[in-house]
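Chemist: My structure is below; once you've seen it, I'll send some questions.
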Amino acid sequence: MAANSAILRIAQETTLAVDGQCETAVETVVRQHARFVFKVAYGVLRNVHDAEDVAQEVFLRVHRDGTRGVRDLQAWLATMAFRLAIDRKRRPEALDITQLELAAANVSAEQSSIERQSLERVHRLIAALPDELRYPLVLSAIEELNSRQLAAMLGIAESSVRGRILRARQLLREKLAAITEVNS
C-alpha cells in the first residue's frame, strides 16, 4: 500500500537524528498499525489523500510524543486518527465524501455504471446519517473496529455503540426500502 510506505518513509526521515532504539520503536509502530490507522481515517474522510495525511500526522505525533503510559496502543492510535480525521473533515476542502474507486476488471461498462450508481446511492444515504450514527456504523462495518475500540474512541459506553450501529442499520434499511418501492 502506498500510504503505508509513505508513512514509513516519513517515520524514517523524522527519526534519523534519534538513537537506533527509538527509531526501531517508531518504525515498529508504523509497520504494525499504518494500515489500520489509514482505514480509520479513510472511514471518516472517504478520501485517500486526506486519509494518508491524517495517518502521517498520527505517526508524527507518535514520534514526537511517544507512547508511554498508553495501555491499548491500537485504541489510542484509532482515537487520534478519528479525531484528526474529524478535524480535517470540518475543513471546507475535505467535504467530498462521495469520491469512489471502482475496480472494473472484467465488468461491462453498463454493469460498472449500475454498480457505481448503487454504491453512490449507499454512500449518500450513509453520509446523510447523523454523525453520532454514521461514525460507529462506518468504523465498525467497514473498518472492522469492535465495540470496545469504538467506545474508547467516541467516549461512550459499549452498549451505546451497539445501539447506534443498530439504529444506523435500521435507518439505512428503511431508506433503501423506500427507494426500492419508488423504483418498482
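FYI, it's all coordinate maths here, none of it is from the lab. These numbers come from a predicted model, not from an experiment. Here the Cβ positions follow ideal geometry from the backbone for every residue, glycine too, while neighbour counts run over all protein chains shown.
Chemist: In nm, what is the difference between 0.36 nm times the number of residues separating residue 111 and residue 131 and their Cα-Cα distance?
Modeler: Gain on extension, residue 111 to residue 131, equals 4.0 nm.
Chemist: Listed highest first by mean packing, meaning other Cβ atoms within 10 Å per residue, what order do 165-175, 126-136 come in?
Modeler: 126-136, 165-175
Chemist: With r defined as the distance between the Cβ atoms of residue 73 and residue 162 and R0 fixed at 35 Å, what FRET efficiency is calculated, to the nearest 0.05?
Modeler: With R0 = 35 Å, the Cβ-Cβ based efficiency is 0.90.
Chemist: Also: Karplus couplings for the stretch 73-89 from phi (6.51 cos²θ - 1.76 cosθ + 1.60, θ = phi - 60°), rounded to Hz, Gly and Pro as x?
Modeler: 4, 5, 5, 5, 5, 4, 4, 4, 4, 4, 5, 5, 5, 4, 4, 5, 5
Chemist: Quick one: 3J(HN,Hα) in Hz for the stretch 176-181, Karplus 6.51/-1.76/1.60 with θ = phi - 60°, rounded, Gly and Pro as x.
Modeler: 5, 5, 5, 5, 4, 4
Chemist: Something else about it: For the stretch 140-184, treating each Cα as an identical point scatterer without solvent, what Debye log10 I(q)/I(0) comes out at q = 0.28, 0.32, 0.34 1/Å?
Modeler: -0.93, -1.07, -1.12
Chemist: Ranking 79, 24 by Cβ neighbours within 10 Å, fewest first, what do you get?
Modeler: Going from least to most buried by this count: 24, 79.
Chemist: While we're looking at this one, here's another question. Which order do the peptides 42-53, 61-72 come out in when sorted by mean C-beta neighbours inside 10 angstrom, highest first?
Modeler: For the peptides 42-53, 61-72, the packing ranking is 42-53, 61-72.
Chemist: How many nm is it between the label spots at residue 179 and residue 27, if each spot is 7 Å from the Cα in line with the beta carbon?
Modeler: Result for the modelled spin labels: 4.6 nm.
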